[in-house]
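Here is the structure we will look at, set down as structure tokens.
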Amino acid sequence: MDRFVRGLLVLFLGLSTATCGGAEDEDLSPEVEAAVFELGSSASQALMGVLVTQLTTAMQEGGAVSAVDFCSTSALELTAGVTQEQGLDMKRTSMKYRNPANAPDEDETEALRYYESALAETGVLPGPWVQKAGRDEYRFYRPLTIAQPCLNCHGSPGEIDPAVQAILDERYPEDLATGYAPGDFRGVVRVSVPVDRVDSQGD
Ligand code: HEC
């Protein structure tokens, strides 16, 4: 299990040093973008920290079978908890989602497409991206990539333990989130920042 833990830690450390490399939404002033970036960055890091820690503990305690059970019963609940603690609505989403409750809305689809096409064109996944979504909301997106430990549950059929696969088949009959390889773009963490949170920070 050590390799798994190390992999997750590397992944998390990698996340915390991710920089802003993306093309910005043109309507945004640099001040607004920086403020949204700061709020989104720390909130999404808090969420990833909780998910990675809990997933690692579940893996250590009972292996992939107990971890997949844990993920499927607790991922959304943990996300809701961190959302409340941070005061900013958050979600993990992907074009290839496992849980239909994580399916992307229109603005999230735009962000996912932005990452997909940037990756296809340049071979490099851009860093976090800030978007204006509707009149009252900005959105911060943090891209997620697949690392080795993720293959336990998001790899190709041969890489997933049959007992894990059985749980996935039962709980997610329409699962789209398998067949990934290390380095693949998996999806994003989306953080919603209400416009008044940015305005009230003063500029
Ligand atoms: C132990 C099994 C397991 C491992 C390991 C795992 N996942 Fe998942 N993942 C799941 C399950 C189960 C869900 C569905 C959770 C739910 O019902 O909300 C999920 C959902 C997700 C989602 C939300 C979108 C969707 O498809 O519903 C993302 C993003 C995600 N995983 C990324 C990753 C990444 C990146 C890694 C590696 C760091 C990883 N996962 C490792 C089991 C796992």
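The values are calculated or read from the model by the stated rules, or taken from the named source; none is laboratory data. As the structure is a prediction and not an experimental result, all values here were calculated from the model. Methodologically, a virtual Cβ is constructed for each residue, glycine included, from the backbone with ideal geometry; neighbour enumeration extends over all protein chains shown. What goes into the accessible areas is simple: the full protein's heavy atoms, side chains included, and nothing from ligands, DNA or RNA. Shrake-Rupley method; radii C 1.70, N 1.55, O 1.52, S 1.80 Å.
Summary table
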{"read-out": "Flag for LEU168 being touching a Cys at 6+ places or on another chain (Cβ under 8 Å) and assigned to a helix (DSSP H, G or I)", "value": "yes"}
{"read-out": "Selection count where residues are touching an Asp or Glu at 6+ places or on another chain (Cβ under 9 Å) and away from the ligand (no atom under 16 Å from the Cβ), scope region 108-138", "value": "8"}
{"read-out": "Only one of SER117, SER192 that is under 28 Å from PHE37 (Cα atoms) and surrounded by fewer than 16 Cβ atoms within 10 Å (Cβ to Cβ)", "value": "SER117"}
{"read-out": "Close pairs from region 68-87: first within 16 Å of ASP175 (Cβ to Cβ), partner open to solvent by 60 Å² or more (accessible area, probe 1.4 Å) and within 11 Å of the ligand (Cβ to nearest atom), Cβ under 6 Å, at least 6 apart", "value": "SER72/ARG171"}
{"read-out": "Filter result (in a helix (DSSP H, G or I) and of a type outside the set (A, V, I, L, M)) within region 79-108", "value": "THR79, GLY81, THR83, GLN84, GLU85, GLN86, PRO100, ASN102, GLU106, ASP107, GLU108"}
{"read-out": "Hey, GLY127 modelled with pLDDT of 95 or more and part of a loop (DSSP other than H, G, I, E, B) or not", "value": "yes"}
{"read-out": "Single match in ALA111, ALA118, ALA67, ALA58 (criterion: in a helix (DSSP H, G or I) and either of a type in the set (Ser, Thr, Tyr) or within 15 Å of the chain's Cα centre (by Cα) (or both))", "value": "ALA111"}
{"read-out": "Region 52-77: number of residues that are within 20 Å of ARG190 (Cα to Cα), within 8 Å of the ligand (Cβ to nearest atom) and open to solvent by 20 Å² or more (accessible area, probe 1.4 Å)", "value": "4"}
{"read-out": "One residue from ASP199, ASP184, ASP161 being near the ligand (Cβ under 10 Å from one of its atoms), over 20 Å from the mean Cα position of the chain (by Cα), of a type in the set (Asp, Glu) and open to solvent by 20 Å² or more (accessible area, probe 1.4 Å)", "value": "ASP161"}
